[in-house]
Amino acid sequence: MNIAVCVKQIPDPAVPGELNPETSALKREGKLILDDSDSYGVEMALQLVTAAGGGEVTLVSMAPNNETSGLRTALAMGAAKAVLVSDDTLAGSDALSTAKILAKSVERVGDIDLVLTATESTDGYTGTIPAQIAEALGWPSLTFAKSVAIADGKVKIQRQTEAGFDDVEAPLPAVVSVTAGVVEPRYPSFKGIMEAKKKPVDEVTAGDLGFNPDQVGWAGSHQEIVEVRAAPAREAGEKIEDDGESHARIVTFLEGLKII
Amino acid sequence: MSIEKVWVYAESEGDKPATSTLELLTKAREIATTVECVYVGDNADALAGALGEYGASKVHAVSPGDALPGVIGAAALVELVAAESPDLILFAQTYDARDAVARLSVRLDRTVLTNGGELRLDGDRVIVGTAIFGGNTIVDTAFTGEKPYLAMIRPKSFAAESASGSAAPVATVATPDAGRAGEAKVLERHVEEREGPKLEEAAIVVSGGRGIGSAEAYGPLVDELAKLLQGASGASRAIVDAGWVPYSKQVGQTGKTVKPKLYIALGISGATQHLVGMKGSDVILAINKDGEAPIFSVADLGIVGDVHKVVPKLIEAIQAHG
Ligand SMILES: Cc1cc2nc3c(=O)[nH]c(=O)nc-3n(C[C@H](O)[C@H](O)[C@H](O)COP(=O)(O)OP(=O)(O)OC[C@H]3O[C@@H](n4cnc5c(N)ncnc54)[C@H](O)[C@@H]3O)c2cc1C
Ligand SMILES: Nc1ncnc2c1ncn2[C@@H]1O[C@H](COP(=O)(O)O)[C@@H](O)[C@H]1O
């Protein structure tokens, strides 16, 4: 069982985001880290490979400036190797171009049975990339998995729905997007961190994958940011310290709203 | 100012159109001369009345069989688009619509603007407004490529208003061959039970966060208060990830968007990803023991206090109120 996990490397979400004043795109200059949402896919992949009794986990990532720190975190968890696509022409890529790049990277790895992604990235959250990768590969996709099992050449998941969940199934190879909480991601061990430094990272450009500059990045995204503006602000209202009687203030408040 | 033909990717809840579908139809009517629906499901005839009432003049309906519906939707749309050339197709940001628009975008080689909260025309440009940074900033993006444009809009972005239209005729589309993608099958559906109103539609929502302390506290504090006010109970992602309550209760960026008359946040810090799902509420009440919690910056009434002390007394007082 060979599994590719798409892992996004993102600016630390604890630091407030900023837009580049020239392009209005999210600033991604500084050090990047592994998107926490993708640690579930990495863990899931490691467990599935172990359960299958053989195979390996390969990471696939597209990131600016040949960033590898997020990849090293996932390699330290136990992934065997990585493909990193990094190229200045990729700046400004929309989800579609990103998915095409990731699909080509999966093909470059070769002999993959399953691709795992998160349901949406923390900084981009379009949530379309998993099914776009699948369509680009011509594979089935099972999205929003809250559990994943593999047997008899098929992958079966519990798929989150508006009403509850569905049991859905597809033959391999397939793409599966996993929700947070599908498994408990392990912490990299010290040994894992040391080994990760020596694991192979195949660094490629968009050109290496067969893309022309006009197919990716700003040029290929077919959209234009026309304005960035402040949303109408919501004013903070009254704030009181509970003195043991604040419930009475809430009751008056609810009466005022004609709720009680 | 208008564009010619806008399609809405319709979805259902039982034998009724989903509210998000009616919201999109209302908006589509405002900007387009012709509004039509594309629907994946076997009960299009049951929906045609309501879809027409909200402005659709036709429903293109396709049966998914036992395949994942979004995959069939995308494959059917590829053929329909080639035959009928819509200018814009609107999808709600839901599970199945996401699958459909994602695959369609690859097949047609078109970008998708996602997480839309606003939609307007500027001359013949179609502009989607998206809230970022927890809703503090709005980014307006215009499509520049070839039509049809594909946009995905978050539920509750527009109010659904009837146009008193008559039932829309249903045009049945043959189930397309979706190739290997169509090999994804739905084996069984599980519906989680719910008491009281639906979270997205409730007039009052009471949500609990990590500050309630434990899974056991959710019933007596959050559910109890919600029930008493005839509202629905919700949650922050922290307690969904912790397994205290099911995902269906999550409010926020990766959960549901709610716009009740009153939103009550119990022990929720007010992270931007939570705020974006509830900031549109008419009135917000927050109880948090940390006076600096960001939730207070959007609260009409903020109580700096312990939920374990304030809420039981509040429940008692409301019960006594009669
Ligand atoms: C990509 C992404 C998507 C996300 N999507 C969502 C989403 O859809 N919805 C969502 O909610 N979050 C989402 N989050 C998570 C979000 O960033 C926060 O981590 C989460 O909302 C925090 O939940 P919380 O407020 O319950 O917990 P905490 O942040 O831990 O806050 C707990 C609060 O309870 C207060 N408290 C503690 N004890 C008491 C007490 N006894 N009485 C009163 N108050 C008390 C504390 O002061 C604190 O403010 C997302 C994050 C990412 C990265
Ligand atoms: N640049 C990227 N590199 C690797 N994986 C990515 C990248 N962008 C998105 N993904 C994967 O696709 C998922 C959905 O992303 P998005 O559509 O941006 O919400 C993410 O959670 C990742 O698993």
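Some observations on this one:
- Largest GNM mean-square fluctuation among B:131, B:61, B:174, using chain B with Cα springs under 10 Å: B:174.
- Exercise: per-residue mean of other protein chain Cβ atoms within 10 Å, B:68-77: 2
- Extreme residue, positive dipole direction of the range B:3-183, given options B:152, B:65, B:171 (C-beta unit charges): B:152
- Over the range A:1-101, the ratio between the Cα radius of gyration and 2.2 N^0.38 Å evaluates to 1.15.
- With a Förster radius of 45 Å applied to the beta-carbon distance between residue B:319 and residue B:85, the computed FRET efficiency rounds to 0.15.
- Label point at residue A:226 placed 7 Å out along Cα→Cβ; residues across the range B:1-16 whose backbone nitrogen lies under 19 Å: B:1-7
- Overall form of the range B:49-94 per C-alpha gyration tensor (a/c, 1.5; a/b vs b/c): oblate
- Computed over the protein assembly as shown, the alpha-carbon pair-distance distribution with 20 angstrom bins reads 21, 53, 25, 1, each value a whole percent.
- The calculated pair-distance distribution of the range B:1-150 uses every alpha carbon pair, bins of 5 angstrom beginning at 0, and gives 2, 10, 20, 23, 22, 14, 6, 2, 0 percent.
- Candidate residues A:156, B:5, A:191, B:185: accessible-area rank, largest first, probe 1.4 Å: A:191, A:156, B:185, B:5
- Figure legend: label point modelled 7 angstrom from the Cα of residue A:163 along Cα→Cβ; residues of the range B:96-120 with amide N under 20 Å from it are B:96-100.
- The range B:215-283: C-alpha gyration tensor shape, a/c 1.5 cut-off, then a/b vs b/c: oblate
- Applying 0.36 nm per residue to the separation of residue A:257 and residue A:193 and subtracting their alpha-carbon distance, the gain on full extension is 17.4 nm.
- Comparing A:171, A:16, A:140 in a Gaussian network model of chain A where C-alpha atoms under 10 Å apart are linked, the largest mean-square fluctuation is found at A:16.
- Averaged over the residues of peptide B:245-258, the number of Cβ atoms from other protein chains lying within 10 Å of each residue's Cβ is 2.
- Antiparallel %, DSSP beta bridges [both residues in chain B], to 5: 25 percent
- In Hz, Karplus ³J(HN,Hα) per residue of the range A:208-215 (6.51, -1.76, 1.60; θ = phi - 60°; x = Gly, Pro): 4, 8, x, 9, 8, x, 7, 8
- Inverse of mean 1/r across different Cα pairs in chain A, Kirkwood, Å: 20.2 Å
- Of the residues A:186, B:29, the one with the largest accessible area comes first in the ranking A:186, B:29, computed with a 1.4 Å probe on protein heavy atoms.
- Most mobile listed residue (B:80, B:187, B:301) in chain B, GNM with C-alpha springs under 10 Å: B:187
- With N as its number of residues, the range B:246-296 has a Cα radius of gyration that, divided by 2.2 N^0.38 Å, comes to 1.06.
- Counts of other chain beta carbons within 10 angstrom of each beta carbon in peptide B:109-119 average 4.
- Basic side chains Lys and Arg get +1 at the Cβ, acidic Asp and Glu get -1 at the Cβ, and with that the dipole of the protein assembly as shown about its Cα centre reaches some 560 debye.
- Using every pair of distinct Cα positions in chain B, the Kirkwood expression returns a hydrodynamic radius of 20.9 angstrom.
- Relative contact order %, chain B, counting alpha carbon pairs below 8 Å whose residues are six or more apart: 15 percent
- For the range B:199-320, convex hull of alpha carbons as volume per residue, Å³: 86 Å³
- Debye equation applied to the C-alpha atoms of the range B:87-242, log10 I(q)/I(0) at 0.15, 0.18, 0.21 Å⁻¹: -1.12, -1.24, -1.32
- Spin-label proximity, residue B:216 to the range B:278-322 - amide N less than 17 Å from point 7 Å beyond Cα toward beta carbon: B:308-309, B:312
- Separation of the range B:179-194 from the range B:10-61 is 23 Å, based on Cα centroids.
- Dipole magnitude (debye, nearest 20) for the range B:254-322, charges at Cβ of Lys, Arg, Asp, Glu: 220 debye
- Sequence ranges B:97-109, A:197-209, B:11-23, ranked by mean other-Cβ count within 10 angstrom, highest first: B:97-109, B:11-23, A:197-209
- Across chain A, C-alpha contacts under 8 Å between residues 6 or more apart give a mean separation that, scaled by the residue count, equals a relative contact order of 22 percent.
- Dipole-positive endmost among A:222, A:65, A:49 within chain A (Cβ charges, Cα centre): A:49
- Only the Cβ atoms of Lys and Arg (+1) and of Asp and Glu (-1) were treated as charged; on that basis the dipole of the range A:125-207 about its Cα centre amounts to roughly 440 debye.
- Under Karplus coefficients 6.51, -1.76 and 1.60, residue-wise ³J(HN,Hα) of the range B:135-141 in Hz, glycine/proline x: x, 6, 10, 10, 9, 9, 10
- Inter-probe distance in nm under a simple model that places probes 7 Å from Cα toward Cβ, at residue B:201 and residue B:175: 2.9 nm
- Evaluating kT/(6 pi eta Rh) at 20 °C and 1.002 mPa s, with the Kirkwood radius of the range A:120-260 over Cα pairs in the Stokes-Einstein relation, gives 100 µm² s⁻¹.
- Cα gyration tensor, the range A:179-249 - rounded (a/c under 1.5), prolate or oblate: oblate
- Beta bridges from DSSP with both residues in the protein assembly as shown: antiparallel share about 40 percent, rounded to the nearest 5.
The values are calculated or read from the model by the stated rules, or taken from the named source; none is laboratory data. Just so we're clear, the structure is a prediction, and the values are computed from it rather than from any experiment. Neighbour counts are summed over all protein chains in view; Cβ atoms, including those assigned to glycine, are modelled from backbone coordinates with ideal geometry. Just so you know, the surface numbers come from the protein's heavy atoms only, side chains and all, with ligands and any DNA or RNA stripped out. Shrake-Rupley method; radii C 1.70, N 1.55, O 1.52, S 1.80 Å.
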